[in-house]
Amino acid sequence: MTDDIARLIGAVTREVKNETYQGKAAKVVVASRIYDTDIDDLWDALSNAERLPRWFAPVEGEFKLGGRYQVQGNASGTITRCEPPHELALTWEFGGGVSWVEVSLRPEGERTRLELRHIAHPEQHWDTFGPGAVGIGWELGLMGLDRHLADPSAVRPPEADEGWFGSAPAKQFVRASAEGWGKADIAGGAEQAHALEVAERTRKFYSGET
């Protein structure tokens, strides 16, 4: 594993929690890390339509409470909480299903901690792919954000380039992230053999092996 991939993977704390959401049992995938920037700059990177394509993807819509958004080629939803520069929550509507995303920012000295919570009512997709299904995807976003903050002039994240997922660094990143989410799943109470099985299945999916 390259030093940069190891740094990016090591910067993220991963948790899988069992909670109740809207009166039903829910799985919560939590990813957090600290960025070397202040809270206002980090909030702007998350909410500025001109910056989002440089680390995440083009996003259209109304960036305000109650506004609808659409991620190009991905999910859409409604912004359900918007309290700059600390709290953002939204519905994540994709493939006919609905889950929920909550992002909080907290200053830590001159740096800022970002915590992302993806909440879902478990169904067949969870049993097949586990927390890595969303966890790896969000970690790719956190990686893109890291690189954007280091070089704001870059036009788009590396994973937007054709063929990036077939590269050695991409495969290293996906493998390490999948293993991390497998461990978090076990720590969250999942049966070990099943957690490792679904983590490997998700790794193969992201790596284009299935």
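Any read-out appearing in this document is the output of simple, stated calculations on the displayed coordinates, not a laboratory observation. As the structure is a computational prediction, the values presented were derived from the model and not from experiment. Here the Cβ positions follow ideal geometry from the backbone for every residue, glycine too, while neighbour counts run over all protein chains shown.
Take the residues in the stretch 12-21 that are touching a residue at least 60 places away in the same chain (Cβ under 8 Å) and out of contact with any helix residue (DSSP H, G or I) (no Cβ under 9 Å at 6 or more places or on another chain); name whichever of them is nearest to Phe173 (Cα to Cα).
Checking each candidate, the answer is Lys17.
Return the residue satisfying two criteria in turn: it lies in the stretch 36-50 and is in a loop (DSSP other than H, G, I, E, B) and without any contact (Cβ under 8 Å) to a residue 60 or more places away in the chain, and of such residues it is farthest from Ala150 (Cα to Cα).
If we take residues in the stretch 36-50 being in a loop (DSSP other than H, G, I, E, B) and without any contact (Cβ under 8 Å) to a residue 60 or more places away in the chain, then Ala49 is farthest from Ala150 (Cα to Cα).
Inside the stretch 126-169, can you point out the residues that are assigned to a loop (DSSP other than H, G, I, E, B) and not acidic (Asp, Glu)?
Of everything in the stretch 126-169, those that are assigned to a loop (DSSP other than H, G, I, E, B) and not acidic (Asp, Glu) turn out to be Gly130, Pro131, Pro152, Ser153, Ala154, Val155, Arg156, Pro157, Gly163, Ser167.
Filter the stretch 83-97 for residues that are touching a strand residue (DSSP E or B) at 6+ places or on another chain (Cβ under 6 Å) and in a strand (DSSP E or B); which is surrounded by the fewest Cβ atoms within 10 Å (Cβ to Cβ)?
Filtering first and then ranking leaves Glu87.
Assess whether Ala133 counts as being buried (at least 19 other Cβ atoms within 10 Å of the Cβ), touching a residue at least 12 places away in the same chain (Cβ under 8 Å), under 22 Å from Arg201 (Cα atoms) and out of contact with any helix residue (DSSP H, G or I) (no Cβ under 6 Å at 6 or more places or on another chain).
no
Could you tell me whether Ala31 is among the small types (Gly, Ala, Ser), touching a residue at least 24 places away in the same chain (Cβ under 8 Å), on the phi < 0 side of the Ramachandran plot and in a helix (DSSP H, G or I)?
Spelling it out, it is not the case that Ala31 is among the small types (Gly, Ala, Ser), touching a residue at least 24 places away in the same chain (Cβ under 8 Å), on the phi < 0 side of the Ramachandran plot and in a helix (DSSP H, G or I).
State yes or no: is Trp92 touching a residue at least 40 places away in the same chain (Cβ under 8 Å), hydrophobic (A, V, I, L, M, F, W, C) and at negative phi?
Considered against the rule, which asks whether it is touching a residue at least 40 places away in the same chain (Cβ under 8 Å), hydrophobic (A, V, I, L, M, F, W, C) and at negative phi, Trp92 comes out as no.
How many residues, within the stretch 5-28, are more than 21 Å from Arg111 (Cβ to Cβ) and part of a strand (DSSP E or B)?
Summing the residues that are more than 21 Å from Arg111 (Cβ to Cβ) and part of a strand (DSSP E or B) in the stretch 5-28 gives 11.
In this structure, is Glu62 in contact with a strand residue (DSSP E or B) (Cβ under 7 Å, 6 or more places away or on another chain) and crowded, with 16+ Cβ neighbours inside 10 Å?
In short, no.
Every residue in the stretch 183-210 that is within 13 Å of Gly135 (Cα to Cα) and of a type in the set (A, V, I, L, M), please.
Ala184, Val198, Ala199 - these are the residues of the stretch 183-210 that are within 13 Å of Gly135 (Cα to Cα) and of a type in the set (A, V, I, L, M).
Being more than 17 Å from the chain's Cα centre (by Cα), small (Gly, Ala, Ser), assigned to a helix (DSSP H, G or I) and surrounded by 14 or more Cβ atoms within 10 Å (Cβ to Cβ) is the filter here; which residues of the stretch 170-207 pass it?
Ala195
Just one of Pro157, Pro107 is out of contact with any Ser or Thr (no Cβ under 9 Å at 6 or more places or on another chain), surrounded by 19 or more Cβ atoms within 10 Å (Cβ to Cβ) and not charged (D, E, K, R); which is it?
The conditions single out Pro157.
Of all residues in the stretch 1-34, which are β-branched (Val, Ile, Thr), under 17 Å from the mean Cα position of the chain (by Cα) and within 21 Å of Gly188 (Cβ to Cβ)?
Passing the criteria: Ile9, Val12, Thr13, Val16, Val28, Val29, Val30.
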